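Okay, so here's the structure we're looking at.
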Amino acid sequence: MDSESQDNRMKRHQSKHRTRNIILAVVAVVVLSVGGYSYHVFSSVERSTSKMYSASGIKKSRNVSQLIKEQKPISILLLGTDVGALGRDSKVWAGGRTDSMMLVTINPKTQTTTMMSIPRDSLVVVSGHEDQFPTKINAAYYFGQTKSTIATVQNMFNVPVDYYGLLNMGGMEKLVNEVGGVDIVPPLTFTYEKQHFTKGKQIHVNGSQALKFTRMRYQDPESDYGRTLRQRIVIQALLKKGSKLNNLLNDKFIDSLASQSRTDLSLSDLMELAKSYRTATKHVVSDHVQGVSDDIAGQSFEILPQTEKQRVTNKLRKGLEMSAATTGPRFGEEVPAGMEAYVPDADFGETADTKSTWGHDTNTSSQYNKAYDRDNTGDLNPNYDANN
């Protein structure tokens with residue numbers, strides 16, 4: 001295979017989500033198949049994956065290793081935490097909440113990757129910590145780490161989580177720096193932490209600037225929904241830059257990824273993904289779960305309507321080539337006795353005109369519709385110009 005052909009294959013990697021982690025790990029391992037399995041590279045990847053590996057603590061609902069060997073669709077729950085991001089001083093992986101959450105399905109047969117962002121303020125019953133209700137889904141990691149987080153997501157949407165990937169948000173800054181920065185096109189004009197971004201004007205950003213671009217929330221009329229879009233823009237740019245062969249062969253890039261990530265994907269699983277799932281990012285679908293805001297016990301929560309949850313369940317299960325099924329219970333599990341006063345009315349959020357302080361309903365109409373083609377493929381548009 002000549003270098004030009006090899007480079008063209010690498011350019012096909014244009015994906016993903018907020019989080020950002022496991023697909024990056026998969027991309028890094030592609031070097032095993034394109035780099036001649038050199039001992040030096042293999043040793044670096046083996047060392048890095050060993051550093052990243054951490055069991056989820058939950059029993060798998062499917063034989064995931066067999067699924068990969070048979071090149072079947074799989075799902076990965078991507079989580080972003082805030083250890084060290086923008087000067088935050090928490091140094092314990094097990095200590096924080098997950099600021100971002102995305103369930104990703106990867107289908108090599110259809111060459112499609114679907115990224116489904118989940119609102120961090122979603123009202124849920126956290127698996128294993130039911131007595132903490134009412135609780136936001138981003139607290140599941142705080143109470144029960146990956147075990148409770150995975151179980152809660154599975155319960156909410158009736159979709160299996162095959163693997164997880166956890167990335168320190170500060171890690172994205174290091175990864176962007178290791179690849180020499182990335183090019184992005186802001187969908188709106190704003191200034192955050194003294195960094196200015198102009199709508200529709202391409203800008204080359206370093207790691208610190210990229211992190212600021214993704215973290216701003218309150219100046220965005222789409223609130224957190226707009227923020228998750230900006231996160232996906234950076235991830236896509238990072239994947240495009242990070243998949244270059246010279247970056248994959250860079251020990252610092254691999255080590256930075258490993259030091260900022262945790263996953264239950266083994267080295268053998270990653271190798272199989274690298275060999276058989278590389279074309280799955282050819283078609284990337286960007287989506288999110290639309291919630292409706294409500295104040296409960298002095299806190300703002302996102303209530304996920306059952307109709308919306310069913311739409312999400314249908315889409316994710318279809319991506320996994322699974323049969324249709326009813327979505328999970330309203331809050332994932334039964335609300336504990338004595339806590340019924342915190343439960344919104346059964347029809348709350350089911351009407352189309354209900355507003356959300358987490359952002360406008362970008363499932364129907366949004367100033368960002370041009371950024372990703374929701375009505376047709378849902379693809380993130382790399383040529384999006386926010387001025388038009």
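Screening segment 203-238 for residues that are among the hydroxyl-bearing types (Ser, Thr, Tyr) and not in a loop (DSSP other than H, G, I, E, B) and picking the one that is surrounded by the fewest Cβ atoms within 10 Å (Cβ to Cβ) gives Ser208. Could you say whether any residue in segment 135-144 is in contact (Cβ under 8 Å) with a residue 60 or more places away in the chain, surrounded by fewer than 23 Cβ atoms within 10 Å (Cβ to Cβ) and not charged (D, E, K, R)? The answer is no, given that none of the residues of segment 135-144 is in contact (Cβ under 8 Å) with a residue 60 or more places away in the chain, surrounded by fewer than 23 Cβ atoms within 10 Å (Cβ to Cβ) and not charged (D, E, K, R). Look at segment 101-138 and say how many of its residues are over 23 Å from Phe348 (Cα atoms) and among the hydrophobic types (A, V, I, L, M, F, W, C). Counting residues in segment 101-138 that are over 23 Å from Phe348 (Cα atoms) and among the hydrophobic types (A, V, I, L, M, F, W, C) gives 6. Considering segment 239-294, and only residues there that are under 16 Å from the mean Cα position of the chain (by Cα), under 19 Å from Ser48 (Cα atoms) and assigned to a helix (DSSP H, G or I), the residue that is modelled with the highest pLDDT turns out to be Leu257.
Taken over segment 295-328, the criterion of being at pLDDT 95 or above, closer than 15 Å to Ile137 by Cβ and of a type in the set (Gly, Ala, Ser) is satisfied by Gly328 alone. Selection within segment 295-341: residues that are assigned to a loop (DSSP other than H, G, I, E, B) and of a type in the set (Val, Ile, Thr). The member of this set that is farthest from Gln154 (Cα to Cα) is Val335. Regarding Val182, is this residue modelled with pLDDT of 95 or more and of a type in the set (A, V, I, L, M)? Spelling it out, it is not the case that Val182 is modelled with pLDDT of 95 or more and of a type in the set (A, V, I, L, M).
Among the residues in segment 284-296, are any free of Cβ contacts under 8 Å to residues at least 60 places away in the same chain and either among the β-branched types (Val, Ile, Thr) or within 24 Å of Glu222 (Cβ to Cβ) (or both)? Walk me through how you get there before you give the answer.
Keep residues of segment 284-296 that are free of Cβ contacts under 8 Å to residues at least 60 places away in the same chain, which gives 295.
Applying the additional criterion that residues be either among the β-branched types (Val, Ile, Thr) or within 24 Å of Glu222 (Cβ to Cβ) (or both) yields 295.
Checked against the condition, which is being free of Cβ contacts under 8 Å to residues at least 60 places away in the same chain and either among the β-branched types (Val, Ile, Thr) or within 24 Å of Glu222 (Cβ to Cβ) (or both), segment 284-296 yields at least one hit.
The number of residues in segment 111-143 that are within 22 Å of Arg317 (Cα to Cα) and assigned to a helix (DSSP H, G or I) comes to 1. Considering only residues of segment 147-168 that are part of a helix (DSSP H, G or I) and in contact with a Leu (Cβ under 7 Å, 6 or more places away or on another chain), which is farthest from Asn107 (Cα to Cα)? It comes out as Thr149.
Evaluate the following for Gly200: is it assigned to a loop (DSSP other than H, G, I, E, B), in contact (Cβ under 8 Å) with a residue 40 or more places away in the chain and not hydrophobic (A, V, I, L, M, F, W, C)? For Gly200, the condition - assigned to a loop (DSSP other than H, G, I, E, B), in contact (Cβ under 8 Å) with a residue 40 or more places away in the chain and not hydrophobic (A, V, I, L, M, F, W, C) - is met.
The values are calculated or read from the model by the stated rules, or taken from the named source; none is laboratory data. Bear in mind that the values here come from a model prediction, so they are computed numbers and not experimental data. With ideal geometry, Cβ positions are generated from the backbone for all residues, glycine too; neighbour counts draw on all protein chains shown.
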